[in-house]
Amino acid sequence: MRYGRTATETSQGKGVILSHKLDQILISHTQPDFNDRLKKLCNQRLALGRIKGYKESEDIATIIQAVDQKTDEASDAAVSEYTREYDKVDLKPEQFRIKPEDLKKAYDQIDKDLLVSIKKAIGNVRKYQEQIFIGNKKENEHPGIKYTPIKRVGIWIPGASAPLPSTVIMTAIPAQVAGVEKIVIVSPPRYKQSIHPVTLAVCYELKIDEVYRAGGVPAVAALASEKGTIPRVDKIVGPGNKHVQAAKKMVSSDYVAIDSVAGPSEVLIIADDDANPAWVAVDMLSQAEHGEDSTAVVFTESQKLADSVIDELEKQLTHLDRAQEAEKSLIKFAGVVVFKDIASIISEANNFAAEHLHIQCGDKSREIADKIDNAGAIFIGEYSPVAVGDYWAGPSHTLPTGQTAKFFSALSANDFVKSTSIIEYSREQLEAGADDIIRLAMVEGLDAHARSVQIRRGVNYTGQ
């Protein structure tokens, strides 16, 4: 047990002094306040994903209204204004769109080994999305329904000094597999007043040529507006900070569809004594390094594993490039939770409904996975780290967070089609159901519904 450590014992590295602060993330069923601490852990995580704050929402609504102006010129002026204010880049409307020659230049200059890896990842994702796409089924496999691709999709790609090419891959390829006609990419101009060349190179590889330097709330608003240089789309997908997610939520009520309202990244790891504590720790850190609002949690039956994982966190954290951000994340939102039995773990894991659920329980991993109903993605076994899903395996890494995995799914090609019901009855089929249809219509007081069937049986209504 770890409760006896003194505050004078310290670990230090890369400017981080832990003083064994991570002992506080241990939550055990043997502690009298176990249920309260477990509930607090879950509630903290839920709060991260909520869009709240009246003033903040009011500001976002103001930007959306400003961009959705009556004229193209007014709309473009608003996008320029807010891009200048928030991204510190002064762009004229004719500078929003990345020129084709700049896409080609970025592609030609990309590291060739990196390009090979990108192409392999694209192949993996495309193959997987084609295999799961419902539109590939033959008509007789799903009679009575027609699937049609959404025509125009907008993808919001985060912008920073480091590129996020994987996000382009994981959002655009499912749309392409579904047959989306127009894909529009928007991203903040935060790399030398433009979009990172690696991101542009991936767009070129995917033959996406509508790429715009615009980010945050203005870009979301522009994608939902009929006016301006940035074209309106029918659906907006992609990750982003709380302001972007709030904007997506607002425009979805009246203007366009969205994938979901996503919060900070999260992982839940179910592990037992068969797990390697060093591997479990680094899997926690791979989420914590996303930022201080990220969540990394372990559920286990083993006190020994729990203690070892915390030891490993303290060792490995000191050597992490983003150590300070990861440490803040762990202290604020992480948990290593020791349960009394596996049944309790499975029950709480289904309630937790994690974005990423990683099961490291040796030969029992698949059996446990089969009992999980709520998760964005399930990673089975010690050789399936979340990074495999983020970059390589094929499923999209755009996943539901904050317990929304109870009702939202991972983004896939199936999210870029809409369904239309098909009803085609013969005279004989209508006759067979006529009495029942008439009876149901009449009990609802809808006699014209009933008459629409009766008139086809030869009953003449002339107003008599």
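For region 99-126, a tally of residues being assigned to a helix (DSSP H, G or I), surrounded by fewer than 13 Cβ atoms within 10 Å (Cβ to Cβ) and charged (D, E, K, R) returns 6.
Reported count of residues in region 138-159, each being charged (D, E, K, R), outside any strand (DSSP E or B) and modelled with pLDDT under 90, is 3.
Per-residue answers, yes or no, for (1) at pLDDT 95 or above; (2) outside any helix (DSSP H, G or I); (3) closer than 20 Å to G240 by Cα; (4) aliphatic (A, V, I, L, M):
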site: I269; (1), (2), (3), (4): yes, yes, no, yes
site: S286; (1), (2), (3), (4): no, no, yes, no
site: D293; (1), (2), (3), (4): no, yes, yes, no
site: D311; (1), (2), (3), (4): no, no, no, no
site: E325; (1), (2), (3), (4): no, no, yes, no
site: V336; (1), (2), (3), (4): yes, yes, no, yes
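For residues that are of a type in the set (S, T, N, Q) and within 11 Å of the chain's Cα centre (by Cα), scanning just region 353-409, find the one that is nearest to I122 (Cα to Cα).
Out of the qualifying residues, it is S396.
Only a single item in (1) touching a residue at least 60 places away in the same chain (Cβ under 8 Å); (2) assigned by TED's automatic domain parsing to the domain that holds I60 is not met by S286, and it is number (2).
Select from region 289-324 the residues that are in contact with an Asp or Glu (Cβ under 9 Å, 6 or more places away or on another chain) and either among the polar types (S, T, N, Q) or not assigned by TED's automatic domain parsing to the domain that holds Q360 (or both) and list them in ascending order. Within region 289-324, S294, T295, T300, S302, Q324 qualify. Residues of region 411-464 that are more than 30 Å from G238 (Cα to Cα), among the hydroxyl-bearing types (S, T, Y) and in a loop (DSSP other than H, G, I, E, B): Y425, S426, Y461, T462. Residues in region 371-393 that are free of Cβ contacts under 8 Å to residues at least 60 places away in the same chain, closer than 21 Å to S412 by Cα and among the charged types (D, E, K, R): D373 only.
In this structure, is V202 farther than 30 Å from N43 by Cα, within 21 Å of the chain's Cα centre (by Cα) and at pLDDT 95 or above? Here the answer is yes, as V202 does meet what is asked.
Could you tell me whether any residue of region 376-393 is surrounded by 13 or more Cβ atoms within 10 Å (Cβ to Cβ), out of contact with any Leu (no Cβ under 8 Å at 6 or more places or on another chain) and at positive phi? Yes, region 376-393 contains a residue that is surrounded by 13 or more Cβ atoms within 10 Å (Cβ to Cβ), out of contact with any Leu (no Cβ under 8 Å at 6 or more places or on another chain) and at positive phi.
Being touching a strand residue (DSSP E or B) at 6+ places or on another chain (Cβ under 9 Å) and modelled with pLDDT of 95 or more is a property that does not hold for I173. If you scan region 125-137, which residues turn out to be in contact with a helix residue (DSSP H, G or I) (Cβ under 9 Å, 6 or more places away or on another chain) and polar (S, T, N, Q)? Residues satisfying the conditions are Q129, N136. Among the residues of region 394-406, are any in contact (Cβ under 8 Å) with a residue 24 or more places away in the chain, more than 30 Å from N43 (Cα to Cα) and either part of a loop (DSSP other than H, G, I, E, B) or outside the structural domain of Y147 (by TED's automatic domain parsing) (or both)? Yes, some residue in region 394-406 is in contact (Cβ under 8 Å) with a residue 24 or more places away in the chain, more than 30 Å from N43 (Cα to Cα) and either part of a loop (DSSP other than H, G, I, E, B) or outside the structural domain of Y147 (by TED's automatic domain parsing) (or both).
The values are calculated or read from the model by the stated rules, or taken from the named source; none is laboratory data. Because the structure is a prediction, the values reported are computed rather than measured. Methodologically, a virtual Cβ is constructed for each residue, glycine included, from the backbone with ideal geometry; neighbour enumeration extends over all protein chains shown.
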